[in-house]
Ligand code: C5P
């Protein structure tokens with residue numbers, strides 16, 4: 001078991017999600033459910049799949065502050081341990097999400113997504129962001145942390161940049177992880193679980209290397225063992 005491992009269950013199927021949560025939870029700190037699952041099955045499906053286990057609900061909220069605060073309040077009864085917002089929503093939106101999360105009886109963490117890793121320098125230029133991804137990641141991370149976000153979702157190759165700029169305090173949750181020898185899928189720049197933890201990740205997010213393994217539970221157990 002490793003508390004640092006987050007298993008990403010990217011399936012829209014309720015039964016499969018439930019089975020994966022059951023099988024994987026003993027080996028990881030949290031299980032991540034996202035938009036494709038939540039939009040199909042909603043809060044009732046979430047509760048059925050989650051079975052009371054610690055969940056990272058990755059919906060990447062992005063709207064006006066009042067709406068995002070309301071969305072966070074609507075999600076709180078689900079009991080997720082971590083929620084995501086887009087830092088690009090700006091200071092007031094981030095602060096509103098954090099304040100809404102602060103009304104919970106536990107401490108759900110608000111994590112900010114900075115620049116989607118699917119956006120390269122050219123794609124950013126096209127939407128009016130000059131200077132490339134690293135500069136924009138730092139800019140948005142600063143806005144997020146200054147406004148109370150507990151941490152950031154970042155690529156493995158941004159860990160050093162963010163630790164240098166912001167120190168040990170922000171929780172860094174890092175997808176784009178591949179065990180040595182695993183298929184890359186659509187991931188171009190990856191680190192192994194050990195490399196990412198050594199670089200300063202608090203949590204690593206691993207999806208397909210677990211869910212598409214012949215034995216997902218054994219795959220999760222092996223990754224957990226590698227970072228213990
Ligand atoms: O690639 P993999 O299946 O391990 O992805 C696990 C999770 O991490 C997925 O839910 C995916 O959306 C997310 N991810 C991400 N940023 C990346 C790569 C994957 O947020 N660069």
Only residues that are touching a residue at least 60 places away in the same chain (Cβ under 8 Å) and closer than 15 Å to residue 207 by Cβ: list them for the stretch 1-22, please. 5, 6, 7, 8, 9, 10, 11, 20
Pairs needed: first member in the stretch 199-213, within 14 Å of residue 19 (Cα to Cα) and touching a residue at least 40 places away in the same chain (Cβ under 8 Å); second member anywhere, in a helix (DSSP H, G or I) and more than 6 Å from the ligand (Cβ to nearest atom); C-beta distance under 8 Å; at least 6 residues apart or different chains. 210/24; 210/216; 210/219; 210/220; 210/223; 211/20
Kindly list the number of the only condition in (1) within 11 Å of the ligand (Cβ to nearest atom); (2) touching a helix residue (DSSP H, G or I) at 6+ places or on another chain (Cβ under 9 Å); (3) closer than 30 Å to residue 95 by Cα that fails for residue 153. (2)
When residues of the stretch 28-56 are limited to those that are buried (at least 23 other Cβ atoms within 10 Å of the Cβ) and within 13 Å of the chain's Cα centre (by Cα), the one nearest to residue 83 (Cα to Cα): 56
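Conditions (1) over 30 Å from residue 195 (Cβ atoms); (2) more than 12 Å from the ligand (Cβ to nearest atom); (3) in contact with a strand residue (DSSP E or B) (Cβ under 7 Å, 6 or more places away or on another chain); (4) in a helix (DSSP H, G or I), marked per residue:
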position	(1), (2), (3), (4)
4	no, yes, yes, no
15	yes, yes, no, yes
31	no, no, yes, no
57	no, no, yes, no
67	yes, yes, no, yes
Here are the criteria: (1) under 23 Å from residue 11 (Cα atoms); (2) more than 13 Å from the ligand (Cβ to nearest atom). Tell me which single one residue 212 does not satisfy. (2)
Output the residue which, of all residues in the stretch 175-208 that are under 17 Å from the mean Cα position of the chain (by Cα), within 8 Å of the ligand (Cβ to nearest atom) and part of a loop (DSSP other than H, G, I, E, B), is modelled with the lowest pLDDT. 187
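The values are calculated or read from the model by the stated rules, or taken from the named source; none is laboratory data. Everything numeric here is computed off the predicted structure, so don't read it as measured data. With ideal geometry, Cβ positions are generated from the backbone for all residues, glycine too; neighbour counts draw on all protein chains shown.
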